[in-house]
Amino acid sequence: MSTVQISPTTVNTSLDSKVTTSQSSDFETDYRSDKAVDGCTKRTLRSGCCSHTNVNPAPNEAWWQIDLGDQVVIEDVKIYYRDEAILEQKGRFAGYQIYLSNTTTDWRNNGSCYTDTPSAPCVVELTPRITSCTGNTRYLTIYVDRRTLAYSWYSTQAFLELCEVQVHGCPVGKYGDGDCDSNCDPTCVNSQCHPNSGQCSYCAPGFYKSGLVCTACPTNCLNGVCNVESGLCSECVPGVYGPNCTQTCPVSCQDKCERNTGECNGIVICFLFD
C-alpha cells in the first residue's frame with residue numbers, strides 16, 4: 001500500500017527574509033527560536049536544527065512566536081517537533097495551542113485557532129499539519145500550558161522543542177500555485193483572497209458571491225447594493241419591483257410602487273377617456 005503525500009501549494013512564508021522569531025526563554029544559545037525557521041527539518045537535538053525553551057527553573061508556561069513581517073493569509077501550518085523515539089517528548093508537546101494575532105502582545109485575546117486534545121500518548125502527532133488556523137494574520141504563537149494537567153501523562157514542566165515551523169500562505173493581496181505571484185481580484189474586500197485558489201474571502205460592496213467569483217450586483221439594485229450571498233437587491237431603483245427588481249411598476253404609479261406587490265405607494269396618475 002502506498003501513501004499519498006499532500007504537498008502545500010502555497011509558499012512557506014516562514015522563510016521570508018522579513019521574518020523574526022522569539023520564545024519565552026532559551027535553553028542554550030545553540031537552541032534559539034530562529035532555529036525553527038532555518039529550513040532544516042531534522043528532528044534531533046544534536047542536528048543543530050531545533051529550538052528549545054529553558055527547563056530551569058521549572059516553568060509552567062512556554063511559548064514560541066513568529067513575526068511574519070507583514071499580513072499573511074494562511075492556508076495551513078506544519079510543525080516538526082523533536083523526535084528521538086522518547087515517549088516523554090509526546091508528553092511535552094501534548095495539549096499545545098496555536099494563536100493568531102496582529103500584534104506581538106495580544107495573542108491570547110482572541111482565543112486559540114487550534115488546541116491539541118490527545119487522550120493518550122499514542123495519538124500525539126509530532127509532525128502535525130494544522131488546517132484550522134487560516135485567515136489573515138501577522139503573528140503566530142505556539143503555546144504550552146502546564147499550570148493544570150489535562151492528563152497525568154502530560155509533562156509537569158512546560159517547554160517547547162520545535163525543529164521547524166512552516167506557515168504556508170501568501171501575503172495579503174496575492175495568491176498562486178507555489179509562488180504567490182498573482183494579484184487577488186479587486187472585487188475582493190481589502191484585496192484578500194484564498195492563497196491557493198484566488199477565491200475572494202468576501203466580496204467588495206456592489207458585488208456578491210457567485211460560485212468562485214464576485215459578480216456585480218444587478219443594475220436595478222438601488223445604489224448598487226445587494227445581498228452578498230444571494231445577489232438579491234436590498235432595495236429597487238424607482239420604477240421596478242419584485243424579488244429581483246425585474247418587474248416594471250404600472251405607469252399609473254409614477255415610478256413608485258410597493259417592492260413585493262407592485263401596488264402604487266406614491267402619486268397615482270388617473271387617465272381620463274372620452
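The values are calculated or read from the model by the stated rules, or taken from the named source; none is laboratory data. The model shown is predicted, which means the values in this text are computed figures rather than measured ones. When we count neighbours, we look across all protein chains shown, and the Cβ atoms used for this are built from the backbone with ideal geometry, even at glycine. With ligands, DNA and RNA removed, areas are computed over all heavy atoms of the protein, side chains included. Shrake-Rupley method; radii C 1.70, N 1.55, O 1.52, S 1.80 Å.
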Query raised in the report: Does SER197 meet the test of being within 16 Å of the chain's Cα centre (by Cα) and either free of Cβ contacts under 8 Å to residues at least 24 places away in the same chain or not in a loop (DSSP other than H, G, I, E, B) (or both)?
Result: yes
Query raised in the report: Is there a residue being in contact (Cβ under 8 Å) with a residue 24 or more places away in the chain and in a loop (DSSP other than H, G, I, E, B) anywhere in the stretch 204-217?
Result: no
Query raised in the report: Is it the case that some residue within the stretch 98-107 is more than 18 Å from GLN23 (Cα to Cα), surrounded by fewer than 19 Cβ atoms within 10 Å (Cβ to Cβ) and either free of Cβ contacts under 8 Å to residues at least 40 places away in the same chain or in contact with a strand residue (DSSP E or B) (Cβ under 6 Å, 6 or more places away or on another chain) (or both)?
Result: no
Query - Residues (over 25 Å from GLN97 (Cβ atoms) and aliphatic (A, V, I, L, M)) located in the stretch 155-208 - result: VAL189, ALA204
Query raised in the report: Which one of these does THR141 not meet: (1) touching an Asp or Glu at 6+ places or on another chain (Cβ under 8 Å); (2) hydroxyl-bearing (Ser, Thr, Tyr); (3) closer than 24 Å to LYS18 by Cα?
Result: (1)
Requested in this report: Answer yes or no: is there a residue in the stretch 166-177 that is out of contact with any Ser or Thr (no Cβ under 8 Å at 6 or more places or on another chain) and open to solvent by 20 Å² or more (accessible area, probe 1.4 Å).
Outcome: no
Query - Condition met for SER182 (under 25 Å from THR131 (Cβ atoms) and among the small types (Gly, Ala, Ser)) - result: yes
Report task. Answer with yes or no whether GLY262 is more than 30 Å from VAL73 (Cα to Cα) and either open to solvent by 50 Å² or more (accessible area, probe 1.4 Å) or small (Gly, Ala, Ser) (or both). Result -> yes
Query raised in the report: How many residues are open to solvent by 30 Å² or more (accessible area, probe 1.4 Å), touching a residue at least 60 places away in the same chain (Cβ under 8 Å) and either part of a loop (DSSP other than H, G, I, E, B) or small (Gly, Ala, Ser) (or both) when one looks only at the stretch 26-39?
Result: 3
Query raised in the report: Hey, among LEU149, LEU126, LEU160, which residue is open to solvent by less than 10 Å² (accessible area, probe 1.4 Å), part of a loop (DSSP other than H, G, I, E, B) and of a type in the set (A, V, I, L, M, F, W, C)?
Result: LEU160
Query raised in the report: Which of (1) open to solvent by 30 Å² or more (accessible area, probe 1.4 Å); (2) touching a strand residue (DSSP E or B) at 6+ places or on another chain (Cβ under 9 Å); (3) free of Cβ contacts under 8 Å to residues at least 60 places away in the same chain is the odd one out, the single condition CYS188 does not satisfy?
Result: (1)
Report summary line: In the stretch 43-93, anything of a type in the set (Gly, Ala, Ser), assigned to a loop (DSSP other than H, G, I, E, B) and surrounded by 15 or more Cβ atoms within 10 Å (Cβ to Cβ) is listed as SER51
**Report entry** Hits in the stretch 223-246 (condition: open to solvent by less than 80 Å² (accessible area, probe 1.4 Å) and not in a loop (DSSP other than H, G, I, E, B))
**Finding:** GLY224, CYS226, CYS233, CYS236, VAL240, TYR241
Requested in this report: Just one of (1) in a helix (DSSP H, G or I); (2) surrounded by 13 or more Cβ atoms within 10 Å (Cβ to Cβ); (3) free of Cβ contacts under 8 Å to residues at least 60 places away in the same chain trips up SER14, so point out which.
Outcome: (3)
Query raised in the report: Hey, does the stretch 39-60 have a residue that's of a type outside the set (Phe, Trp, Tyr), more than 30 Å from TRP153 (Cβ to Cβ) and out of contact with any Phe, Trp or Tyr (no Cβ under 6 Å at 6 or more places or on another chain)?
Result: yes
